[in-house]
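The values are calculated or read from the model by the stated rules, or taken from the named source; none is laboratory data. Bear in mind the structure is a predicted one, so any value in this text is a computation, not a measurement. FYI the Cβ positions are ideal-geometry reconstructions off the backbone, even for glycines, and counts take in every protein chain you see. When the accessible area is computed, the model is the full protein with side chains, heavy atoms only, and any ligands, DNA or RNA have been set aside. Shrake-Rupley method; radii C 1.70, N 1.55, O 1.52, S 1.80 Å.
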Amino acid sequence: MLALILLAFIGGWIYLKQHKKEVITFIEGEAKKGLNGGKLHIGDISIGFNHTFPRLAFTIDTLSLRDSLWFQHRHDLISATRVYATLSFFKLIVGKIDIDRVQLENPHIYLYTDSLGYSNTSLFKKNDPPKKDAPKNLDYPILEISNGSLVVDKKDANKFFGYDINKLECHIRGNPENQALKIDVDLDCKVQRMTFNPEKGPYLEGKTVVGEFQIQFNKDSKILQFEKIKLAVDKQPFIFTGKFYLAEVPTPFLLSWETDNLSFRKASSFLATNIRLKLDPYDISETITHLTGSLDNSEPQYLTPLIHLRLNVENKNIITPPLTLNNASFTATFNNEEVKGKGHEDSNTVMHFMPFRGSWDKVPLTCDSIVIRDLIHPKAKIHIVANFPLENANNIMDENTLAFTNGSGKIDLNYSGSLEKDYDSLRSITGTFKMDSAVLNYVPRNLLLTNGKGTIRFQNKDIYVEQLRLNSGTTDLLMDGKIKSVFYLINQKNNKLSVDWKIRSNKLNLNDFTSYLKQTKTKVVSKKKKSSLAQSLSQFTALLESASFNLDLGAKQLIYKKFYADNLVASLDMDDNAINLKKISLQHAGGTIAMQGLLRNLPASNPFSFKAELRNVNVSKIFYAFNNFGLKSPTDKNIGGTLSSDVTLQGGFTTKAQLIPEELKGFVKFNLHDGQLVNFEPVQKIQQTVFKSRNFSDIQFADLHDLLEINGNNIKINRMEIHSTVITMFVEGIYNTKTGPDLSIQVPLSNLKASKDSVLRNKGIFSKTGVSARLRAQKGEDGKVKISWDPFNKAGKEMKKAQTPKLK
């Protein structure tokens, strides 16, 4: 028997060797009968046992199969360097040809469809239906591919699928009564790319796919399907279910998958380039707990299939461009067709996160819903709820501007708008931020605010502050405010925030705010990298620091050092380096004061300018309140009466709120009614010089009015009439706040006769005085005021000469 087998093999081998061309021609001719045009080309053919014994191996070298239009598109349907067809030698002896395995080495399979819908697979003729007497069991050869490739190039649908096949082995089972074939597959391949839309890039680019699984193929319907097969994609275990309708052009399919413990970076690397680039700024620590997804290509009018993704994340850190979230848990879905009929486009993509819980820099957050739409210009709709200690907010605030040291905060916000830094279309926030028992430091001015309680309400693009109560020292504040177009201004350079602010206070103690007169602290540049949302908050606080505040101020009581006033009503503008006093009115010392002016905050000093109107103010009290205006005489203990005055003054304060006398310039036009001088030394000195018998310790006089000119330490007293119960005199000269007075005093000799008038009346500074005595009041070497005789009015002449401009 062995001899017969050997002789038969040798005979067949010799025959093939001598008739190789005829055999090749015969095979190519027979193959052509099953083709619609096209050509099968065989380079060489041989027969042997090779490594397949006891199966006989029929070997073909350089096989190619081309359709009739190959010269146009230049793609072989099949090309292989070597093909093995193994036959059962024992069946061959009894005259039965049974190919049980087909092996292809380095095959390249290229399924091409041109832009008009022509496919190179059309070269195959349709199979005739099986005959009634066909065998019950069909034996299909095992198909084996090694080191090959498969390309599906569909120019008509603008799609391309390419695969490098390291190993593919298929065992096919079926029978004539059932058109469904069961195929056992052992696969090891690498995806070149799967491109549904070239503009958006390929899926699974460069990913390996390995697994052993079973698929079903229906020969009639040409439907290929599989259910819950296990595959390792890029070494990540997946379970796939799919259905492909191969008879239809273009080919619809449904593909779904699921996996556990998947890296976010790996998951995003499976997706199309456009989606992957959009997801690059995002990351999830460790792994996604569970992921499911699907591709639905059943709508051929769209280039991209319908994509659904669903993932679960539990206690992971989430990195996003706006912020980084810690210990986050949520369920998320991705869908590239939010609105049916608008296509599977980036602009029609939607992502849902619900519910969400996590923390942002120690601030715990919960969101019942987060919706992100449109991958071209991403927009979000978020509902955030948070309760947290206010100190935890310092990590996300600008620590150089506001710093909380105590209190609790509660956030309930709805955000709707862009996630891009400079895209502000329809961006808005609605909701509230409430704080209680807050203690915060306004760092640039080192201003400590305590007992904070109130609500900040967000409405679209505007912010409202409602019933915000704060204390600073002994001052209580109740504030309401409004900030318009916040998001627009955050992204605009060289624009200042404008804030409408209303403040009410029972007690406003300006001594609690003297830190405003100091220079702002230099900001320390933080080395900590901040998220875009934290940067936006820092930009907002920076805008707030340099904002223009339009203040409506009202206080029942105002205190500044020894100055006390009631019923303050003020309208003023403030920014980071100036206070514009537009209109201020208050009640002080039995009268009223109205003023307007400007205070600036410069490095060397705090210059100011103002105009004031004083009406019916108790002069003694106002002298006391303002430390006698720097005068050593008279003081609040020496002077009495009701003062009305118009003041125009400019000067400066030190950073410790001390007046700088040398910088003062201005005018004081005053009228003192029912005036009184008590123990006023300069007048008492006159008593020692003249009228020694009269009592100068308590003097009442008629209305005293004059225009005082202030220039640094010098106060110029223009000629002023003093008509009193003791004496009538005319005074003019200079009062220097450092060196004392240098006054010329004219005493009409009519004073020698005691006045009998019960009503004191001024006669006017230019009235006839008659013969007068001339006196000069100056500060002596002992520091006390000295009164000396000045019969020739030397003091008056010197003053006039000093005031007369010199000719050049």
>> My understanding is that a pair violates if its Cα-Cα distance is over 32 Å; which of LYS582/LYS784; LYS582/LYS779; LYS583/LYS716; LYS230/LYS362; LYS167/LYS316; LYS507/LYS716 do that in this structure?
In response: LYS582/LYS784; LYS582/LYS779; LYS230/LYS362; LYS167/LYS316; LYS507/LYS716
> In Å and whole numbers, how far do the C-alpha atoms of the range 247-380 stretch along each principal axis, longest first?
Replying inline: 56, 29, 25
> Which pairs, out of LYS453/LYS562; LYS685/LYS797; LYS738/LYS768; LYS379/LYS434; LYS278/LYS342, put more than 24 Å between their alpha-carbon atoms?
Replying inline: LYS453/LYS562; LYS738/LYS768; LYS379/LYS434
> What length, rounded to one decimal in nm, is gained on full extension from PHE766 through to ASN627, with 0.36 nm per residue of separation minus their alpha-carbon distance?
Replying inline: 46.7 nm
> Rolling a 1.4 angstrom probe over the protein heavy atoms, how many square angstrom per residue are accessible across the range 243-384?
Replying inline: 46 Å²
>> Between GLU662 and GLN459, how high is the FRET efficiency from 1/(1 + (r/R0)^6) when r is the Cβ-Cβ distance and R₀ = 51 Å? Nearest 0.05.
In response: 0.50
> Net charge near ASN406, counting Lys/Arg +1 and Asp/Glu -1 over other residues with Cβ under 13 Å of its Cβ?
Replying inline: -1
> Straight-line reach from LYS159: which aspartates and glutamates have Cα under 19 Å away, leaving out those fewer than 8 places along the same chain?
Replying inline: ASP76, ASP114, GLU199, GLU205, GLU248, ASP296, GLU299, GLU345, ASP346
